[in-house]
Amino acid sequence: MKETLISLREVTKTYGSGQAAFQALKGVSFDIAEGEFVAVMGPSGSGKSTVMNILGCLDVPTSGEYLFLGEHVELLNRDERALLRRHCLGFVFQGFNLLARTTALENVELPLLYRGLPLAERHAQAKAALALVGLTGWEHHTPAELSGGQQQRVAIARAIVTRPALLLADEPTGNLDSERSAEIMQLLTGLNQEHGITVLMVTHEPDMAAYASRTLRFVDGLIGHDTAYVGAD
Amino acid sequence: MLWNALLLALREIRRNLMRASLTVLGIIIGVAAVITMVTLGNGATALITAQVASLGSNLVIVRPGQRMSPGQPAGWAPAFKEEDMQAILEAVHAVREVAGIAQRGSTVAWMTESTFTPIVGSTPSYLEVGNWKIAEGRFFNDSEQRAGRALCVLGDTVKKALFSGSSPIGEKIRTRGVSCEVIGVLAPKGQSAMGQDQDDIVLMPLKAYQRRIAGRRSRQDVGTLLLSVRDGLSTERVVRDVSALMRERRGIAPNENDNFSVFDTRQISDALSSTTRVLTALLGAVAAVSLLVGGIGIMNIMLVSVTERTREIGTRLAIGALEREVLLQFLVEAVALSAFGGLVGIALALVASFGLTSAMGLPFVLDFQIMLLAFAVSAGIGVLFGFVPARRAARLDPIEALRHE
Ligand SMILES: Nc1ncnc2c1ncn2[C@@H]1O[C@H](COP(=O)(O)OP(=O)(O)OP(=O)(O)O)[C@@H](O)[C@H]1O
Ligand SMILES: [Mg+2]
């Protein structure tokens with residue numbers, strides 16, 4: 001049995017307060033083991049992004065526990081969460097969020113810069129990450145000079161260049177056509193299987209979810225269905 | 001960490017070079033203005049000091065009435081007599097020579113030319129005490145002075161006005177019905193510290209002046225006494241001794257104020273340069289306001305930049321940048337901008353103040369302290385006005401920032 005990477009215990013999240021208060025998560029519990037490739041699905045507004053933000057240490061739960069490799073994340077302060085993101089997490093955003101007018105190489109180097117790596121190592125690792133996503137030869141192009149699929153691959157390279165324990169992707173193919181989406185999914189599958197990176201991905205499309213080994217379905221702030229229990233025999 | 005921040009900041013500035021240059025324009029102008037003003041002021045001070053020195057060093061001036069500088073009205077006070085000169089020379093050992101002068105403005109004429117100029121009656125010692133040089137001919141001597149002969153020595157300006165080119169030696173000029181032989185011409189001295197043309201002058205023996213030029217009532221009078229102090233001896237001491245002596249000679253009771261004044265050239269120079277220093281400080285302060293405006297310009301652009309780059313900041317925070325790293329990045333960016341502006345401003349100030357001082361005929365006195373100060377202030381402005389935008393960037397909520405359009 002693989003080690004448990006993350007576990008949520010009765011996590012709730014309430015936005016706003018008083019009359020305007022809205023409970024986006026109503027008590028969510030699940031575990032994810034190292035090496036899993038999990039798809040998160042569910043209707044719009046069901047709390048998928050909310051749970052991703054909490055898992056990504058960008059946000060804190062209103063109540064409940066979040067353990068990352070046994071550590072209570074809900075007790076960490078802002079800087080400690082930033083360091084956890086820096087050292088253990090990788091993000092791929094729907095909108096890519098690459099730095100404009102900055103080359104692919106510099107974009108991928110950014111997380112290494114915050115880790116304080118020397119220039120030569122930064123270059124080497126960033127180049128290797130770009131090679132891994134199939135962008136050798138595009139290092140010195142700025143996002144404006146790259147296609148959507150290429151931009152998303154740069155974003156993935158930036159997310160995995162630090163060899164994170166967990167890769168979080170919120171609708172990574174939301175802006176791409178089906179062909180580009182398939183490329184990205186193959187890339188994520190490869191990273192998961194060959195490099196052992198745990199992947200958690202939000203998607204609306206069953207085609208994309210089919211690449212994952214497990215699907216979590218959110219309904220109205222709760223987990224409606226988890227294939228980990230259904231599919232196991 | 002600082003090195004990284006600097007790297008990021010420089011990258012950011014390079015990405016937006018046009019905006020960066022416009023932003024620092026305010027700082028450039030401010031720094032350049034401050035340094036230029038101070039350099040001009042220092043030049044003026046240096047010029048005045050030099051001009052006062054041209055009065056002659058180790059000079060003590062004794063005047064009737066209580067006044068220090070020209071322009072202040074003097075209450076009536078008895079004039080000095082020639083005996084006073086002798087008395088000072090005998091009683092105050094530190095005094096090497098005493099020159100007595102008396103003057104009055106008058107028209108002088110030669111052939112068809114004429115000019116209005118101060119006629120100064122003086123003793124021969126005035127040549128040395130007044131720091132004059134003879135350019136042509138000679139000065140009158142003691143026996144000529146005692147005999148009261150009608151001899152004249154012309155200042156350069158008067159010579160040019162009356163004799164345009166030709167030599168005046170031996171010619172007779174007329175003033176107040178007196179015909180006076182020109183025996184010499186003074187070497188030019190230029191403007192005085194008060195802006196008077198020192199070369200607009202005609203010198204003649206004091207006796208001749210008293211008899212023929214001065215009015216009936218001031219036949220015996222000497223207007224001003226100029227004392228030259230022996231080298232290496234304190235002029236302050238002389239001022240004190242001469243004051244005491246003159247109080248005694250003029251019969252001033254201990255509870256009465258002086259009815260004359262004694263001062264040395266250093267006092268004049270101090271009074272004048274303190275005036276220019278005040279002016280310099282004033283101009284510098286006005287220029288400093290533009291530095292402040294430049295700082296506000298930097299804050300404005302940095303605030304715009306933070307809003308514009310909200311998504312970028314969100315990305316950095318999501319990747320794992322600490323609050324203080326983002327703060328430092330923006331702060332370093334602001335400081336790099338303003339410090340660069342400071343450097344360009346200093347370069348501009350050097351060019352401008354060199355051009356202006358040479359156009360205004362002032363000496364070019366470089367003050368490295370003010371340059372260092374201006375640079376430090378401009379960098380400080382970067383910290384001061386960069387802090388608010390930087391803190392705003394650092395405190396952003398990463399989720400909000402990422403969602404920002
Ligand atoms: N910052 C916020 N303030 C208030 N309400 C919020 C905030 N963020 C999310 N919500 C609400 O919480 C609920 C869940 O939002 P969430 O973004 O998690 O949905 P989602 O499942 O990601 O939807 P989608 O598929 O459209 O991205 C929504 O009803 C949303 O309106
Ligand atoms: Mg969402």
So for the stretch B:61-78 (the condition being modelled with pLDDT of 75 or more, among the basic types (Lys, Arg) and surrounded by 16 or more Cβ atoms within 10 Å (Cβ to Cβ)), does at least one residue qualify?
yes
Among the residues that make up the stretch B:335-350, is at least one of them over 24 Å from the mean Cα position of the chain (by Cα) and either within 13 Å of chain A (Cβ to nearest Cβ) or under 25 Å from residue A:115 (Cβ atoms) (or both)?
yes
Out of A:48, A:13, report the one residue that is farther than 20 Å from residue A:206 by Cα, within 16 Å of ligand 2 (Cβ to nearest atom) and surrounded by 16 or more Cβ atoms within 10 Å (Cβ to Cβ).
A:13
Can you tell which of B:285, B:321, B:253 is without any contact (Cβ under 8 Å) to a residue 12 or more places away in the chain and assigned to a helix (DSSP H, G or I)?
B:285
Could you check how many residues of the stretch A:135-155 are over 20 Å from residue A:185 (Cβ atoms), surrounded by fewer than 16 Cβ atoms within 10 Å (Cβ to Cβ) and not hydroxyl-bearing (Ser, Thr, Tyr)?
4
Select from the stretch A:192-224 the residues that are in a strand (DSSP E or B), away from ligand 1 (no atom under 16 Å from the Cβ) and in contact with a Gly (Cβ under 7 Å, 6 or more places away or on another chain) and list them in ascending order.
A:198
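Rundown of residues vs (1) more than 27 Å from residue A:146 (Cα to Cα); (2) within 16 Å of ligand 2 (Cβ to nearest atom); (3) at pLDDT below 90, yes/no style:
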| site | (1), (2), (3) |
| --- | --- |
| A:29 | yes, no, no |
| A:59 | yes, yes, no |
| A:102 | no, no, yes |
| A:112 | no, no, no |
Of the residues in the stretch B:42-60 that are within 17 Å of residue B:125 (Cβ to Cβ) and at pLDDT 75 or above, the one that is surrounded by the most Cβ atoms within 10 Å (Cβ to Cβ) is B:60
Within the stretch B:248-300, how many residues are surrounded by 17 or more Cβ atoms within 10 Å (Cβ to Cβ) and over 30 Å from the mean Cα position of the chain (by Cα)?
5
Are any of the residues in the stretch B:93-106 farther than 27 Å from residue B:176 by Cα and assigned to a loop (DSSP other than H, G, I, E, B)?
yes
List every residue pair whose Cβ atoms lie under 7 Å apart, where the two residues are 6 or more positions apart in sequence or sit on different chains, the first residue falls within the stretch A:7-33 and is within 14 Å of chain B (Cβ to nearest Cβ), and the second residue, located anywhere, is within 14 Å of ligand 1 (Cβ to nearest atom) and not in a strand (DSSP E or B).
A:13/A:50; A:13/A:54; A:13/A:61; A:13/A:62; A:24/A:47; A:24/A:50; A:24/A:221
Please note which strands (runs of 3 or more DSSP E) are completely contained in the stretch B:129-213 and include at least 2 residues that are modelled with pLDDT of 90 or more and outside the structural domain of residue B:108 (by TED's automatic domain parsing).
none
Residue count, the stretch B:75-111, condition charged (D, E, K, R) and without any contact (Cβ under 8 Å) to a residue 40 or more places away in the chain, comes to 2
Find the helices (runs of 4 or more DSSP H) located wholly in the stretch A:1-117 whose residues include 2 or more that are out of contact with any Phe, Trp or Tyr (no Cβ under 9 Å at 6 or more places or on another chain) and more than 16 Å from ligand 1 (Cβ to nearest atom), and list them.
A:78-88, A:104-114
On the given criteria, is residue B:323 crowded, with 17+ Cβ neighbours inside 10 Å, in contact with an Asp or Glu (Cβ under 7 Å, 6 or more places away or on another chain) and either at pLDDT 85 or above or not β-branched (Val, Ile, Thr) (or both)?
no
Considering only residues of the stretch A:199-233 that are within 25 Å of residue A:150 (Cβ to Cβ) and away from ligand 2 (no atom under 16 Å from the Cβ), which is farthest from the other protein chains (Cβ to nearest Cβ)?
A:210
So which of B:396, B:362 ends up being buried (at least 19 other Cβ atoms within 10 Å of the Cβ), within 27 Å of the chain's Cα centre (by Cα) and not in a helix (DSSP H, G or I)?
B:362
Go over the candidates A:189, A:227, A:162 one by one and state the one that is among the hydroxyl-bearing types (Ser, Thr, Tyr), closer than 21 Å to residue A:4 by Cβ and more than 16 Å from ligand 1 (Cβ to nearest atom).
A:227
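Okay, residues lined up against (1) touching a residue at least 60 places away in the same chain (Cβ under 8 Å); (2) within 14 Å of chain B (Cβ to nearest Cβ):
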site: A:38; (1), (2): yes, no
site: A:56; (1), (2): yes, yes
site: A:69; (1), (2): yes, no
site: A:76; (1), (2): no, yes
site: A:83; (1), (2): no, yes
site: A:86; (1), (2): yes, yes
site: A:102; (1), (2): no, yes
Right, residue A:170: of a type outside the set (Ser, Thr, Tyr), surrounded by fewer than 20 Cβ atoms within 10 Å (Cβ to Cβ) and either touching a residue at least 24 places away in the same chain (Cβ under 8 Å) or over 30 Å from residue A:68 (Cβ atoms) (or both) or not?
no
Quickly run through the stretch B:97-131 and pick out the residues that are among the charged types (D, E, K, R) and surrounded by fewer than 17 Cβ atoms within 10 Å (Cβ to Cβ).
B:104, B:113, B:128
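The values are calculated or read from the model by the stated rules, or taken from the named source; none is laboratory data. In this text, all values refer to a predicted model and were calculated from it rather than measured experimentally. Backbone-built Cβ (ideal geometry, glycine too); neighbour counts: all protein chains shown.
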